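The structure follows.
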């Protein structure tokens, strides 16, 4: 069958984009290095920059946008934080978070990196639509948290989900699972058989321990904050933390009143706050310039724009499946 006219056009545009991308890749944008401000036509001190990073989507050990757009996944943020910590031109960091949370280990990786980075320079978290569970876990490591009044945050807790489909297989399809294992718990959580009470107890212990680690992280990162910055901070008591760490979510305004966030606002508030903190940290009165601290090429922009319509208007099966089921059989700092 001969290719249709549409197919030919698509092939032509793909080849053209490859050619354009080869010659137009932004040579000044390197992974983990801020984009050159010389192109902005503004005079900026090369030694006074505020790095702006983003975390978008579910927190997991996988890249969400590594080829056709900017890096906004958890592993990308982790690399950028490591780079910014040793970048002497960066005097402060703003992390924009729009995430319902995700896996425990990756949330802890980023949390630990922020805790290490804030020893050297101030770090602020800015919440977007959602910054819940693992999203809040990460933010608890920053020096200050800013949220919009309508931001959804909180959901402090742990969840683990399993799919039980053994009756569908055995009763409806007459399919039986045969498992050879070295111990009785080796297939714990399998959907091909009912879960036992003993297995439930073991999993509950995992959840309880992961929850205790969540509380400890907030206590260390936020409750016990003892920085010298003059920028106002809201106190979060251990009693309030315990009372509200039951999985509930709250708005940014509610969170600010309780002490889970420090201020209401967006990037404008964050910029003023981080500049003041950076000046105090480095005893430097020079103004700092916000820079996009991420990798992005013209080729990525071109190709991303070309495919944007299709991506936004195509439904995937995973769009209808809860994230806890996609990331099943593991404890999650995740709000569903």
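What distance in nm lies between label points placed 7 Å from Cα along the C-beta direction at residue 213 and residue 228?
3.4 nm
Also, quick follow-up: Just order 78-84, 205-211, 54-60 by mean Cβ neighbour count inside 10 Å, highest at the front, would you?
54-60, 78-84, 205-211
Counting only C-alpha contacts under 8 Å and six or more residues apart, can you give the relative contact order of segment 117-208 as a whole percent?
Value for segment 117-208: 23 percent.
Report, in cubic angstrom per residue, the convex hull volume of the C-alpha atoms of segment 113-158.
Dividing the Cα hull volume of segment 113-158 by its residues yields 63 Å³.
Would you please give the FRET efficiency between residue 174 and residue 198, computed as 1/(1 + (r/R0)^6) with r the Cβ-Cβ distance and R0 = 22 Å, to the nearest 0.05?
0.15
I need the per residue convex hull volume for segment 81-145, using only the alpha carbons, in cubic angstrom as a whole number.
67 Å³
As an exercise, use a Förster radius of 25 Å and the Cβ-Cβ distance of residue 336 and residue 149 to find the FRET efficiency, rounded to the nearest 0.05.
0.60
Using 7 Å Cα-to-Cβ label points, what is the residue 61/residue 88 separation (nm, one decimal)?
Placing both labels 7 Å beyond Cα along the Cβ direction yields 3.5 nm.
Place a point 7 Å from Cα of residue 272 in the direction of its Cβ. Which residues in segment 228-242 have their backbone N less than 13 Å from it?
Answer for this model: 231-232.
Say each of residue 283 and residue 246 gets a label point 7 Å from the Cα, pointing the same way as Cα to Cβ; how far apart are those two points in nm?
5.0 nm
Could you sort 171-181, 213-223, 185-195 so that the peptide with the highest average Cβ count within 10 Å comes first and the rest follow in order?
So the peptides 171-181, 213-223, 185-195, ranked by packing, come out 213-223, 185-195, 171-181.
Would you please give the FRET efficiency between residue 238 and residue 181, computed as 1/(1 + (r/R0)^6) with r the Cβ-Cβ distance and R0 = 30 Å, to the nearest 0.05?
That pair, residue 238 with residue 181, gives E of 0.10.
Next question, about the same structure. What are the semi-axes of the equivalent ellipsoid for segment 217-263, taken as the square roots of 5 times the Cα gyration tensor eigenvalues, largest first, in whole Å?
Ellipsoid half-lengths, sorted descending, are 19, 14, 7 Å.
Listed highest first by mean packing, meaning other Cβ atoms within 10 Å per residue, what order do 118-128, 237-247 come in?
Ranked from most to least packed, the peptides come out as 118-128, 237-247.
Read-outs throughout are calculated quantities, based only on the coordinates presented, and are distinct from any laboratory measurement. Being a predicted model, the structure only gives us computed values, none of them experimental. Cβ: placed from backbone, ideal geometry, glycine included. Neighbour counts: every protein chain shown.
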